[in-house]
1. Between E79 and R349, what length comes free when the chain is fully extended (0.36 nm per residue of separation minus the Cα-Cα distance, one decimal in nm)?
2. Per residue, what volume in Å³ does the convex hull of the Cα atoms of region 15-84 enclose?
3. Which ³J(HN,Hα) values in Hz, rounded to whole numbers, follow from the phi angles of region 221-227 under the Karplus curve 6.51 cos²θ - 1.76 cosθ + 1.60, where θ = phi - 60° and Gly and Pro get x?
4. Give a residue-ordered list of calculated ³J(HN,Hα) values for region 185-199 (Karplus: 6.51 cos²θ - 1.76 cosθ + 1.60, θ = phi - 60°; whole Hz; x for Gly, Pro).
5. Taking the Cα-to-Cβ direction at H368 and at E119 and moving 7 Å from each Cα, how far apart do the two end points lie in nm?
6. Report the per residue volume, in Å³, of the convex hull enclosing the C-alpha atoms of the chain.
7. Take the alpha-carbon centre of region 97-159, take the same for region 345-359, and report the distance between them in whole Å.
8. May I ask you to sort V17, V353 by Cβ crowding, counting other Cβ atoms within 10 Å and putting the fewest first?
Amino acid sequence: MDTQRIIVLGGGYTGIVAAGRLARQVRADEASVTLITAHPTRDERMRWHELAAGGRYPLLSIADALAGSPVALEIGRVERIDLDGHAVQLADGRSEHYDRLVVALGSVIDFGAVPGAREHAHGLTDVESVRAAAATLGALPDGAPVTVIGGGLTGIELATEIAESHPRLAVTIVGSREPGHWLSDPARRYLARAFERLGIAHRVGRVARITGDAVVLADGAQVPSALTFWAGGFRANPIVAASGLEADELGRAHVDATFRSLSHPDVWVIGDAARVPGPDGVPLKMGCRTGAFMAFAAPHTIAQQLSGAPAEPFAGRYFAECISLGRGDALLQWLTADGAPTDRILTGRAARVVKEYIHRGNLFVARHPGPYGPHRRAHVRTGGRRQTIGA
Ligand SMILES: Cc1cc2nc3c(=O)[nH]c(=O)nc-3n(C[C@H](O)[C@H](O)[C@H](O)COP(=O)(O)OP(=O)(O)OC[C@H]3O[C@@H](n4cnc5c(N)ncnc54)[C@H](O)[C@@H]3O)c2cc1C
């Protein structure tokens, strides 16, 4: 068999790990692995709320992370995937042929969901836009109203970070449901106390539109806003659906339990760009806690398929999710195996330390993606053992 060229698109939380692992799970005469990504450093999306509030964090050089590994790194912006021609078109005019493709292009803020969002709201879209938001935030006069739309994990992390770093501003979080509505009762009580301590107001209501100085709710009420952040949901990177991969309403590619596209069997999709059926058929949630698991499992199934062995479906379980509440506080919600919240929580400094270790763990696995045992061949059975999902 000719050496296969496997291209991994996207050097984010899942792509770097998947590329590094895959390169060690295939033989050099069997396949080469190339990672194509837009930036030389990893987009630390899980820390963008810190950046928006004026914070700093260490950056991971992707070339350094891959040093010593057989992965070839190419920096370039993907413009289009030509599924019929088995090629990836880059913005600088390059065209890269692949035999097998792993798409790990992540997600984007869903600006189209509400009129005015694109024109008047900041989203945590890319490093440049987050830096621009930080500069605008820093220049606001004392007492200026700042609104974060979205009571999900990103909205909560962003609102608490801004309120803590800029106590002179009046932060309001707006969402169609209570912030953290999916959490357990003890977790929601803890969150309410954190909001009180940080002076964060919250409004429940569906956002109808965003203007230059207000957030307008469906009932006509207006929330004054000198600066608005839109954290109201994510969609898969639009390149995924535009390529012709069969995708759902959020643009996530439909894949099977081995992360292989249902419409294009030579394409695997992982991370936020994938719609993966969970154990009970309900798709796994977007998030690093799921993506991390896919980054570990997908290289194994690809290598199995290359070596002619039947690919084992993944078997994962959730264990926790950790929400930062500013620099000194966090909330760790323990989950059941299928992702439902339990009444067990960890809070305060201890949870904050866990969150820091999650970030450090993310850096560690990018540099040391494994497999960690002596085995590197795909047909060595590692399946059957359940892996854990947490972030
Ligand atoms: C503020 C914030 C906080 C978060 N906190 C948590 C958390 O606590 N827990 C959790 O589980 N999840 C969290 N998430 C979600 C988490 O960041 C994502 O689920 C995760 O990044 C998905 O990983 P991924 O590899 O699919 O995509 P990404 O990590 O986004 O990687 C995609 C990569 O593709 C590259 N790329 C994109 N387009 C192109 C292109 N056209 N050409 C070339 N390269 C391209 C990007 O530069 C990036 O490197 C948070 C997200 C945000 C925004």
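What follows draws every value from the coordinates through simple rules; no lab data is involved. From a predicted model like this one, the values you see are computed outputs, not experimental measurements. No Cβ is skipped: glycine too gets one built from the backbone with ideal geometry, and neighbour counts run over all protein chains shown.
1. Going from the current span to full extension adds 92.9 nm.
2. Hull volume normalised by residue count: 114 Å³.
3. So the Karplus estimates, Gly and Pro as x, are 5, 10, 9, x, 8, 7, 8 Hz.
4. Taking θ as phi minus 60°, the curve returns 4, x, 5, 5, 5, 5, 4, 4, 5, 5, 4, 5, 4, 8, x Hz for region 185-199.
5. 5.3
6. Details: hull volume 53.4 nm³, N = 391.
That works out to 137 Å³ per residue.
7. A separation of 24 Å, based on Cα centres.
8. Arranged by neighbour count, lowest to highest, V17, V353 become V353, V17.
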